[in-house]
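The block underneath contains the structure these notes are about, expressed in C-alpha cells.
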Amino acid sequence: MSRVVAFGEIMLRLSTERHLRFSQSTAFGATYGGGEFNVCVSLANYGVNAEFVTRLPENEIGFSALKEIRKMNVESKNIVYGGERLGIYFLETGAGTRGSNVVYDRAHSAMSTIEKGQVDWDKVLDGAEWFHWSGITPAISQTAAEACLEAIKVAHKKGIKISCDLNYRSKLWQYGKTPNEVMPEMLKYSNVILGDIDTAYFMLGIPKVNPNYQDEKSLPTLYTKLFELIPNLQVAATTLRYSVSASHQRIGGILFDGKAIYSAKVKEVTPVVDRVGSGDAFMGGLIYGLLEYQNNNQRALDFAVAACCLKHTIAGDYNLVTLKEVENMIDGDGSALVSR
Ligand SMILES: O=C(O)C(=O)C[C@H](O)[C@H](O)CO
C-alpha cells in the first residue's frame, strides 16, 4: 500500500446551522478540517496509508483533534506537541445568492508557531512515496513556511514525489511576506501542482492572460509557463467550475503533463450541500489516481473530478466516500450508486 505524508494545520471548524448568519447563531456545529488533513482523509478512504504531520497543543482540545485524526484512519505518530492553542475557523454557510463566509481564529496556534527542526523529517519520510503540502502552511507564519521548506527539501533529497495545492487564502499572509517572496523557492521541488489562473496570479505573480477566461484554452498557456518556471514539475491540474447558482455547479477538470492536455467531462452537481473541502477532495483524488493509474493521466483526472463532485454532496470538510463510489461515478451511471 502506498504511503503518503501530508504536512499542515488541522483546525476546529465551527459552523452556523441551517444557513444562519453569524450574528443570529446561538450554536455552532463543531467538526474539524484543514486543507492538507482533508487530503489525508480522502486518501485513507481509498485505502492509502496516509499520515498527517502537524503540531498540536498539549491540552484537551489538541487531544480531541488527535482523536479525530485517529478516528479518520490517518496515521498520527509523528505529530509534534507544544504551543498555545488549536486554530479555529468559523464558517457561515451561505444560501442562494449569499455566499459562505470564513473567519479565521488561528493566530498563535500550535502549528503557526512550529519551527524548523521540530519534526525529524529524515525519519518521518523514510519509506514514503509521496509528500503533500499546500500554500496554506507558508501563509500562516514565517516559521511554518520554514518548517515546510525543510520537509520539502528532505522529501526531494529522498526522491519522494511532492505535490502542492497552491490554495491561495487572501485572509492569511499577515506576517509581512507576500506569497511571491516565499512560494517560488518552495515550489521549485514540487512535481505535481494544483492551481488555476487566479491562484497562479496571487501566489506567483503570473499575469492573467484574460482575467475572465479560465478554461481549456487559457490554462495550457499558464501550465506551459509553470513548466518553464518549475524545473521538477511533472503534472499541473485544476478543477474547472462553472457556477449555475450557489446550489448548482458544473464541474470538470484539466491536467497537463508537459506534453499533452487532458480534460474531464463536465458533471452537473446539484444540490450543493457543502463545497468547503472540494478542492482537497480533487487533490486527494488526483494523488490517488496518479499513484494507482500510473500511466493513465486521463483516468487519474477523471477520478479527481468525480471525487470533487461527490464532496459537494457531503456536509463537513471531508470527502466521506468509498473508492467504489468514486469509481461508480466515473464508470457507472454517474450517480455514484453502488449496485448490490
Ligand atoms: O482555509 C484554510 O486554511 C483551511 O484549511 C480551512 C478549510 O479546511 C479549507 O479551506 C478547505 O480547503
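The condition (being within 16 Å of the ligand (Cβ to nearest atom) and either more than 21 Å from the chain's Cα centre (by Cα) or surrounded by 18 or more Cβ atoms within 10 Å (Cβ to Cβ) (or both)) is satisfied by just one residue among ILE69, ILE79: ILE69. Apart from one condition, ALA107 fits all of (1) more than 14 Å from the ligand (Cβ to nearest atom); (2) surrounded by fewer than 16 Cβ atoms within 10 Å (Cβ to Cβ); the exception is (1). Which ranges mark the strands (runs of 3 or more DSSP E) fully within the range 168-268 that have 1 or more residues being modelled with pLDDT under 90 and out of contact with any strand residue (DSSP E or B) (no Cβ under 8 Å at 6 or more places or on another chain)? Filter on the range 168-268 gives 235-245.
Among the residues making up the range 269-288, a single one is more than 16 Å from the ligand (Cβ to nearest atom) and part of a helix (DSSP H, G or I): TYR288. Only one of the numbered conditions (1) within 24 Å of VAL321 (Cα to Cα); (2) surrounded by fewer than 18 Cβ atoms within 10 Å (Cβ to Cβ) is violated by LYS116, and that is (1). Within the range 23-42, residues that are exposed (fewer than 14 other Cβ atoms within 10 Å of the Cβ) have Cβ atoms under 8 Å from residues that are charged (D, E, K, R) and modelled with pLDDT of 95 or more in these pairs: ALA30/ARG13, counting only partners at least 6 apart in sequence or on another chain.
Taking the criterion of being surrounded by 15 or more Cβ atoms within 10 Å (Cβ to Cβ) and in contact with a Phe, Trp or Tyr (Cβ under 8 Å, 6 or more places away or on another chain), the residues of the range 170-185 that qualify are LEU172, PRO179. Within the range 5-13, at least one residue is within 24 Å of LEU323 (Cβ to Cβ) and away from the ligand (no atom under 15 Å from the Cβ). From the list SER42, SER64, SER15, the lone residue that is of a type in the set (Ser, Thr, Tyr) and more than 20 Å from ALA281 (Cβ to Cβ) is SER64. For the range 23-41, the count of residues that are of a type in the set (A, V, I, L, M), within 11 Å of the ligand (Cβ to nearest atom) and under 14 Å from the mean Cα position of the chain (by Cα) is nonzero.
Restricting attention to the range 251-289 and to residues that are farther than 24 Å from THR224 by Cα and among the acidic types (Asp, Glu), the residue that is surrounded by the most Cβ atoms within 10 Å (Cβ to Cβ) turns out to be ASP274. The condition of being at pLDDT below 95, within 16 Å of the ligand (Cβ to nearest atom) and loosely packed, with under 14 Cβ neighbours inside 10 Å holds for only one of GLY94, GLY99, that being GLY99.
The values are calculated or read from the model by the stated rules, or taken from the named source; none is laboratory data. Only a predicted model underlies this, so the values are computations on that prediction, with no experimental measurement involved. With ideal geometry, Cβ positions are generated from the backbone for all residues, glycine too; neighbour counts draw on all protein chains shown.
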